[in-house]
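*Asks:* Before anything else, here's the structure in question.
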Amino acid sequence: MSDENVEKESDELLHVDRHEKESYQFMDQVIKKRPFDWKKPVIRLFWIVFSGVAIGVIAAVVFLTVLPSVRKTLGIPDEKTRITIPADKGPADASVNGSSVTAESVVSGSSTEEKEAPTPTALPVVNPGIAANPQTQSGLTVQQYKKLYQDMLKTADAPKHSLVQVIGISNEMDYFNQNYEDRKQVSGFMVAENDRDLFVVTEYRAVDNVQRIQVVFGDNSMADATVQKADENSGLAVIKVPLESVLPSTKAAFVIATLGNSYYTTTGDPVLALGNPMGYSDAVFFGVVTSITNKTSMYDHEYSLLTTDIEGSTTGSGVLVNLNGEIIGVITQGLHQEGGSTITAISISEIKSLIQSLSNNETVSYIGMKGRAVTEDISARTGIPLGLLATDIAQDSPAMLAGIKEYDVIQEIAGKEIRDMNDLSTIVGDLKGGDVVTVKAMRKGASGYADIHFTVTLSAK
């Protein structure tokens, strides 16, 4: 190859190389980063925070909306609307503390009011069914006798404004397949109120298995009510009336009942029977307490009775009121003593805790037995060990399912000594449904009494 051709070919190669370098020259350029945009993360953070707050607000609203229903279903009272009825102290408590005893009256909502225990009022006692010659029998003139009755009627003014009539209505069918309304009517008294409801204590028999409950106030206005909680064992129930359904004029006139300390009621104290003691409403009867020693036994409880000389009806209902205008007893059907028709009432101080539990829709623990105290004297005469002699075991009760039988002598429950029904009531009241306890007892066999133990699972009512 000639030198000329070689040079020419070399020039061509250089030209091609130069062209390739010019074609890829962009690779020598510097790529710059895009500037950081602060708006996007700020906006994203804002939406995250906003979404969290929105979800929290929605959850709070749902929680507050559902909470009342959940509390009602589970029987948990709202602390803001909880009804509190302080327990009373008796003479035994006064002697232990060495100081005067105070009795706290019923409260509206959660506020409390404390006052001194009532002192029996020393007024002349009259029996309206006797006095043919009042001046001879009581030493009073006719004018004084009349004024005495007027003063006693004034005492009834305040408690009468706390009474209502409770009507349980149910639809029935007669023999000709015609519908008719069966109406049961009893007395009740307003025991407390909160920001939503008015609570009324009445008899269970009037509100059991009915389609509608009506409350008639003193001004004859009416409102519908529902059962808050009932205790078939004692025969008492608490019903509630929505305050929004009560007329403003009725609200202004009614009075929440003042519950007295019945532990200080003694034989001979003057009392008034209000409500339906004779089976018809708006009645007022005068009399005196004739006995405070009688008791009525119910499963797990024993309540003292206030017996009077006031004639009543076996279908009657109402309350006993002392001369301070305080309710000291609840008249219920079936408490009349055999062989007589005088009015008898359950001592109010002994059922205050029950009324409080019913008002708050709380469950009541239950073991299901009745008993009689075996004192040292009875034990010495009969040979029965000290304790509580079981006299009745409720059918399908926790006591029966655990194997406790009639005439077993109960001596301990959950490690606490049992000597009478008051001990049983206190211990069972401190326990809850579902609690498992050991019951120590003695059972009579061929060779005498022997120790026996039971495992009892309490139920709730």
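*Asks:* Could you list ASP396, ASP197, ASP423 in order of exposure, starting from the residue whose Cβ has the fewest other Cβ atoms within 10 Å?
*Replies:* ASP396, ASP423, ASP197
*Asks:* When HIS161, HIS453, HIS301 are ordered from fewest to most other Cβ atoms inside 10 Å of their Cβ, what list results?
*Replies:* Ranking HIS161, HIS453, HIS301 by Cβ neighbours within 10 Å, fewest first, gives HIS453, HIS161, HIS301.
No lab work stands behind these numbers, since they all come straight from the coordinates. What you see is a predicted model, and the numbers here were worked out from it, not measured in a lab. Positions of Cβ are generated from backbone atoms using ideal geometry, with glycine treated the same way; all protein chains shown enter the neighbour counts.
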